[in-house]
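Accompanying notes for the structure given below.
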């Protein structure tokens with residue numbers, strides 16, 4: 001489709017007449033999915049990257065801790 005093109009009015013009206021709103025089952029499943037998604041995010045461990053324990057051991061970490 002070229003930029004700025006729009007379908008004829010009767011085609012747009014036909015598409016709008018076929019569109020149906022979501023039913024109660026679809027809405028409840030969407031709410032459950034979003035709730036589960038946010039619950040998983042809330043259950044993730046805190047990680048801000050500032051603590052040494054947040055990262056794997058790197059070269060030179062033992063010298064900084066005085067372990068050798």
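Every number in this text was worked out from the coordinates using simple rules, so none of it is lab data. If you're wondering where the values come from, they're calculated on a predicted model, not measured in any experiment. Positions of Cβ are generated from backbone atoms using ideal geometry, with glycine treated the same way; all protein chains shown enter the neighbour counts.
Going by how many other beta carbons lie within 10 Å of each one, how would you line up 16, 27, fewest first? Walk me through the intermediate numbers first.
Details: 16 8, 27 11.
Final ranking by Cβ density, sparse to dense: 16, 27.
Apply the a/c threshold of 1.5 to the C-alpha gyration tensor of the stretch 1-46 and tell me whether it is rounded, prolate or oblate. In terms of gyration-tensor shape, oblate.
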